[in-house]
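What follows is a single structure, written as structure tokens, with notes after it.
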Amino acid sequence: MTMETENQEGEKEALIANTNIVTHCIYKNDLARLIKSFEDETDPYKETIAELINERDDNGKLPLDLAACLGRLEICRELLKRGANIASISENGYSPLHYAAAWGHSEVLKLLVTAGANVQQKNVHGECPRNTAARYNKKECVNFLDWAGARTSLLQFIKHCQDFVTDADKGPGRLTKDEKQLIVLSCKEKTEWLEVTSSPTTEELLSHKKALENIVAPIFLKLSQS
């Protein structure tokens, strides 16, 4: 079943039922038609396409969610380029990462994570995307999300340590000069390691986070007891 819209030449353009031009292009895997909607000044969808890419369907899915489900890598890339909201989640807490993980689309996962998707986002069942991948036995996705989670965890802990030093500077100054220098230099070393290491393993990422924790833990403990 299709629905029709009139194009500039007065001809009828058939869309899949219950779709708009964005979701129609996703189902058809028609990247060229999607791009035309954005770039062709005579296209009948030119004025509304920017809004449609962040419009949820009757099932609560965004176009990016749908594209992730179907593994439409290049369409996902185009949607992100055109302003698709990667941070938007459904009422039940599902993100595009959850959908890509459930269907085993590891290349889509990599694209979304590189674009800044939250690997720690939990749905109403308490599942992060890694848990969803594991539940559906998508081993390649599990492995990648383990890696992405380890990298995110290291980055977050580095920032936590840096913020700790900044907050201490604003307060009574309970950090000694040597303690402050130790934390700053340790964070700098871990940041530089991330920058120069092109393909760190999950184990390496976890090891570097553990090493940083071991360095700062005595300082944090001392301050918590003071």
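The values are calculated or read from the model by the stated rules, or taken from the named source; none is laboratory data. Quick caveat, the model's predicted, so the values are computed rather than measured. Cβ: placed from backbone, ideal geometry, glycine included. Neighbour counts: every protein chain shown. To get the accessible areas, we keep the full protein, side chains included, count just its heavy atoms, and leave off ligands, DNA and RNA. Shrake-Rupley method; radii C 1.70, N 1.55, O 1.52, S 1.80 Å.
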Charges at C-beta only: +1 for Lys and Arg, -1 for Asp and Glu. How large is the resulting dipole of the chain about its Cα centre, in Debye rounded to 20? 1300 debye
Please compute, for the alpha-carbon atoms of the chain, the extent along each of the three principal axes and give them in descending order in Å. 76, 38, 33
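To the nearest 20 debye, what charge dipole does region 115-226 have about its Cα centre, counting +1 at the Cβ of each Lys and Arg and -1 at the Cβ of each Asp and Glu?
Roughly 280 debye, rounded to the nearest 20.
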The number of Lys pairs in region 129-204 whose alpha carbons lie under 14 Å apart, excluding pairs fewer than 8 residues apart on one chain, is 4
Surface share of carbon and sulfur [accessible, 1.4 angstrom probe, percent] for region 181-226: 59 percent
Counting sequence-distant residues (5 or more places) and residues on other chains, those with an amide H built under 5 Å from that of Leu15 are Met3, Glu4, Thr5
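Using only the alpha carbons of region 140-226, what is the convex hull's orientation-averaged projected area in square nanometres? Could the numbers behind the result be given before it?
On the way: hull surface 24.2 nm².
Averaged projected area of region 140-226's Cα convex hull equals 6.1 nm².
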Charge-dipole axis of the chain as Lys and Arg at +1 and Asp and Glu at -1 on Cβ define it, positive-most pick from Thr23, Cys128, His208: His208
Out of the GluC sites (Glu not before Pro) in region 12-44, which ones are loop residues according to DSSP with at most 15 other C-beta atoms within 10 Å? Glu41
So which lysines pass the test for Lys81, namely a Cα distance under 22 Å, with those fewer than 8 places away in the same chain ruled out? Lys28, Lys36, Lys46, Lys61, Lys110
Taking the inverse of the average 1/r across all pairs of different Cα atoms in region 26-145, what Kirkwood radius in Å do you get? 14.5 Å
Helix 177-196 against the longest principal axis of the chain: what's the angle in degrees, Cα atoms only, rounded to the nearest 10? 40 degrees
